[in-house]
Structures are given as C-alpha cells and as structure tokens.
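Written out below as structure tokens is the structure these notes cover.
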Amino acid sequence: MMNYKQLFRLPFDVVKRITSYIIKEINEYRYPYKKRYKKLIANYKLCGLDQTREIHLSYLNSLLKELGFPLYDESNGMYSEHLIIFAAIASSNFKIKNILEIGTYDAKTSMILATLFPESTIRTIDLEDDNPLFLQTYDRNENVDKFIRLRNKLIKKKNNIKFIQSNSLRITLMEQLPKQDLIWVDGAHGYPVVTSDITNCISLMHENTILMCDDIWKKSRNNDSIYKSNAGFQTLEAFSKARVIKNIYLRKRIGKKFNGNYKFISFSRLKNNQK
Ligand SMILES: C[S@@+](CC[C@H](N)C(=O)[O-])C[C@H]1O[C@@H](n2cnc3c(N)ncnc32)[C@H](O)[C@@H]1O
C-alpha cells in the first residue's frame with residue numbers, strides 16, 4: 001500500500017494517466033457505448049441513410065483493401081465516422097455526380113470518394129505547395145517534398161479527381177463550379193475561414209445536396225483558426241436558425257477513449273427541401 005508521501009513522488013505523467021483513466025470510466029458510466037451507438041444509428045436514420053452500419057463498414061473495408069489502405073480503425077489518423085457515412089451514401093438512392101472536398105491533405109479521402117463514387121467528379125481543394133500556412137501546418141515542413149510526392153502520386157491514380165490548388169476563400173471566384181451533390185468541408189476549422197467555407201458551400205447546394213463538415217466541436221475552450229474551434233458549429237447553427245439548412249450531428253468517433261469529447265461530423269440539407 002502506498003503512503004501519502006510516496007503518492008506525491010509519483011511522476012506527473014503517471015498521475016495524469018490515472019486521472020484520465022478515472023475520467024474515462026466516469027464518462028463511460030454516464031454515457032455508455034450502447035447508448036452512444038443507438039444514438040448514432042438513430043442519426044443515420046435521420047440523415048435518410050440505411051441503418052445497417054456494419055454492412056457499410058464492411059463495404060468500406062473492402063474498398064480500403066482494394067486501395068491498399070489500412071482497414072478502418074477509428075484510432076488511425078484521419079479515419080473517422082465520415083468514411084462510413086460516405087459508404088452509406090454510396091449504397092443509398094442519393095444521386096452523386098459532383099463532389100467537392102475542401103482540404104485535400106494526403107488525398108486519401110479523395111481516393112476513397114473516387115472509388116465509392118466512380119461515376120462522379122471529385123474536386124478537391126488545398127493550399128498551394130509554397131503557401132506558408134501549407135508548410136507550417138500538419139507537421140509537413142519537415143518532409144514536405146515527400147508529402148507532396150505521395151499525395152500527387154495518389155491523385156494521379158484516379159482520373160475522376162480534379163485537384164485545385166488554391167485558398168478555399170477563392171471559391172467565390174471559381175465561376176465554373178457547378179452545383180454540388182456532396183460537399184465535404186474539412187479545410188481550416190476556425191474563424192474566419194470555416195465560416196466562409198460553409199457559407200460558400202451553401203451557395204453551391206441544390207435541393208438534394210448533402211453538406212458534411214468535419215471536426216465540429218459543439219464546445220471548445222481553446223479555439224484556434226486551423227485545428228480546433230467551435231466556429232463551424234456556431235456557423236451551422238446560425239444558418240439553421242435562419243432556416244437555411246437543417247443539421248444533424250453524428251459522433252466523429254464512437255469508442256470509449258473518445259467518449260466525453262464534443263467532436264462531431266455534421267450532415268446538413270437545405271431546410272426548404274426537407275421531406
Ligand atoms: C484536416 S486536413 C484535410 C483532411 C482530409 N480532408 C481528409 O478527409 O483526410 C485539412 C487540410 O486543409 C487545408 N487547408 C487549410 N486551410 C485552407 C484554405 N484556406 N484553403 C484550402 N485548404 C486549406 C490544409 O492545408 C490541410 O491539408
């Protein structure tokens with residue numbers, strides 16, 4: 001049995017680990033996995049999607065295998081519920097011809113979209129390779145040439161991907177952009193860019209468009225302009241209050257270690273056209 005003095009001698013990270021373990025257990029007790037899963041499936045229904053998530057997941061995995069990517073694991077990098085939702089959309093009656101992605105990053109999501117929707121055109125936008133923000137974010141500056149080479153190699157594999165190197169704020173000037181059927185907003189996550197991205201994307205929606213945004217923090221104490229912010233949520237809610245769109249929020253990750261955070265994927269449709 002440890003005495004009081006010994007406990008205080010424990011290294012800081014051990015104390016931190018124990019605290020985080022206790023918090024996780026409390027969160028799990030308050031909002032158990034079963035309830036989270038049930039809510040997630042109920043949200044699939046609200047989105048008008050088939051609720052057999054396991055089937056969408058195995059469909060996604062068969063595509064990931066085909067692409068030579070690791071199988072779905074929500075703890076793996078940029079993998080999260082959006083990929084399963086995309087697979088569900090691909091198996092639905094939604095007609096998807098034009099897809100817009102803001103934030104290409106390593107182009108893996110573009111590849112997955114291009115494979116799930118082989119008849120569609122995927123326009124994916126990211127900053128120019130020499131843009132200081134591109135170089136300074138997502139730990140790219142160390143190995144930027146390799147990052148660019150691998151991304152471009154992937155993009156070349158699919159002829160239905162159009163890569164647009166531009167600041168997404170310039171979408172307003174891209175007159176040739178048609179209305180989009182599916183939009184994935186995943187560029188800068190804070191003010192002012194995410195607000196502008198959502199606003200511009202709403203103007204590219206038609207009555208059946210699905211607008212999805214990544215990393216929607218319903219609450220966030222430390223907001224920044226790139227990675228973590230409640231700006232996306234506030235913007236989506238403002239458009240909802242103005243009766244422009246209707247939003248559904250699905251948990252980004254469902255496992256125990258992500259329980260207790262406020263990170264969601266949004267799924268929006270134009271309000272007038274909700275059945
Ligand atoms: C989270 S990553 C995108 C991840 C990718 N969509 C996926 O699903 O894996 C965000 C990307 O947005 C890009 N980005 C940030 N601000 C941007 C802007 N103003 N215009 C275009 N791209 C931007 C970043 O360079 C980065 O590559």
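The values are calculated or read from the model by the stated rules, or taken from the named source; none is laboratory data. For clarity, every value in this text was computed on a predicted model and none was experimentally measured. In this analysis, Cβ positions are derived from the backbone assuming ideal geometry, glycine residues included, and neighbour counts consider all displayed protein chains. In case anyone asks, the SASA skips ligands and DNA or RNA and just uses the protein heavy atoms, side chains included. Shrake-Rupley method; radii C 1.70, N 1.55, O 1.52, S 1.80 Å.
Overview of values
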quantity	calculated
Tally, over the stretch 228-251, of residues that are part of a helix (DSSP H, G or I) and open to solvent by less than 30 Å² (accessible area, probe 1.4 Å)	5
Filter result for ILE22 (at pLDDT 95 or above and β-branched (Val, Ile, Thr))	no
Residue identified as more than 12 Å from the ligand (Cβ to nearest atom) and open to solvent by 40 Å² or more (accessible area, probe 1.4 Å) among SER120, SER92, SER62	SER62
Residue list for the stretch 178-195, restricted to those being over 16 Å from SER268 (Cα atoms) and either near the ligand (Cβ under 9 Å from one of its atoms) or open to solvent by 20 Å² or more (accessible area, probe 1.4 Å) (or both)	PRO178, GLY187, ALA188, HIS189, TYR191, PRO192, VAL193
Close pairs (9 angstrom Cβ cut-off, 6 or more residues apart or separate chains): over 24 Å from MET111 (Cα atoms) and hydrophobic (A, V, I, L, M, F, W, C) in the stretch 40-63, open to solvent by less than 50 Å² (accessible area, probe 1.4 Å) and in a helix (DSSP H, G or I) anywhere	LEU40/ARG53; LEU40/GLU81; ILE41/ARG53
Selection within the stretch 158-177 - without any contact (Cβ under 8 Å) to a residue 24 or more places away in the chain and either in a helix (DSSP H, G or I) or open to solvent by less than 40 Å² (accessible area, probe 1.4 Å) (or both)	ARG170, LEU173, MET174
Residue that is farthest from the chain's Cα centre (by Cα) [pool: residues in the stretch 166-205 that are acidic (Asp, Glu) and closer than 16 Å to GLU101 by Cβ]	ASP181
